[in-house]
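First comes the structure, then the notes that go with it.
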Amino acid sequence: MPNEAEKLKLILPFAFEIGSKENIVKLVLWSSSPKEKVIIELAEALNPLGALFSYLNVFPDETSSNLGSFIWYSFMRYSSKREIFEAALRETLEKMKRERIINNYYYLFPSKEGFFIDHNVYSIEDISGDNLYIYTKENLSGLFLIPRKKYGSKNGGILINELGEMYGKAIGEKMRNICLEAGIKTCLELLHASGSARGIVHQKSIEFFKDREGWIFKIILDRVSEEEILLENGIKECGTHQTGVYRGFLSEILGKELPDDAVEEVRCLSMGEPESVFYIKLPRDIKV
């Protein structure tokens, strides 16, 4: 069974489409060595196979206590056959790791359709105690658009909703005891604060009231990154990710699955509204 970190990597993917089917690999390195040394090692081993960086960004590793630790985020093109290049790349990286030129690495080749689908490059510790990944606009655009483009708007939206639900469950599993003690409103505020820190959502307000059937929460968000991206791309439909997040998160907190209609979005930023409005129906016997 995968541990929590592995599950999060599976359920927090990003994807983007490369512009062509050229030979290309995504390469991410963690290193405390001088940058020149890393470059020389890679060049000596891989340049004979036609390898050249087409994109390279080196930035401090904010998750490391070592101030001299950096993350190398890059894309490399090559001219040899993939099997030959991959074998040489793996051998080179393992050698660099043994010699402590790099601390860790991973690489990724695109799918046959031309997509990179991957977890994010680095992370910060979330309130749930897990490392949750920092998204860039490029990453989020891929996550929210590619399933729609590949499977159609409806089926792609269902897939994005399911990813959101899995994401919510992963956080809810770690926060269950905190939430049951603090109450649902506080717990939702913590969830939104986490999303706000990563530029995904921003909470404007939360209200709740009781009716005959139970509690109803009204949540207003003035930022939902999925819906901003849909609007920018002319897709006039409500997002599906955030409703999935709420349903998965609260199902895990309450210890039972919420029905599909328990979470409803009635106003959407992606439809040109100034804010997104969600209603969540919860049972009466909970601490609000």
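We did not get these values from a lab; they are worked out from the coordinates using the rules stated. Quick caveat, the model's predicted, so the values are computed rather than measured. For neighbour counting, all protein chains shown are included, and Cβ atoms are generated from backbone atoms with ideal geometry for every residue, glycine included.
Assorted remarks:
- Only lysine pairs 8 or more places apart or on separate chains count here, and in the range 19-109 those with Cα atoms under 21 Å apart total 10.
- Pairs of lysines in the range 137-282 whose Cα atoms sit within less than 13 Å of one another amount to 8, provided the residues are eight or more positions apart or on different chains.
- FRET efficiency, 1/(1 + (r/R0)^6) with R0 51 Å, evaluated for LYS150 and ASP211 via beta carbons: 0.80
- When ILE216, ILE253, ILE101 are arranged by Cβ crowding within 10 Å, least crowded first, meaning fewest neighbours, the order is ILE216, ILE101, ILE253.
- PHE53/ARG100 FRET efficiency (R0 25 Å; Cβ-Cβ; nearest 0.05): 0.65
- Inter-label distance for TYR107 and ALA182, nm, one decimal - labels placed 7 Å from Cα along Cα-to-Cβ: 4.3
- Which of MET175, ALA262, LEU191, positive extreme of dipole for the range 137-282 (C-beta unit charges): MET175
- Semi-axis lengths, largest first, of the ellipsoid equivalent to the range 19-109 are 23, 14, 11 Å, with √(5λ) applied to each eigenvalue of the Cα gyration tensor.
- In nm, spacing of pseudo-spin labels at LYS174 and GLU189 (7 Å Cα→C-beta vector): 2.1
- The fewest-to-most ranking of SER141, SER205 by surrounding Cβ atoms within 10 Å reads SER205, SER141.
- Highest mean packing comes first when the peptides 168-175, 85-92 are listed by Cβ atoms within 10 Å, giving 168-175, 85-92.
- Listing TYR105, TYR151, TYR78 from fewest to most neighbouring C-beta atoms within 10 Å gives TYR151, TYR105, TYR78.
- FRET E, pair ARG90, ILE286, Förster distance 41 Å, beta-carbon r, rounded to 0.05: 0.20
- The range 137-282, relative contact order in percent, only Cα pairs under 8 angstrom and at least six apart counted: 28
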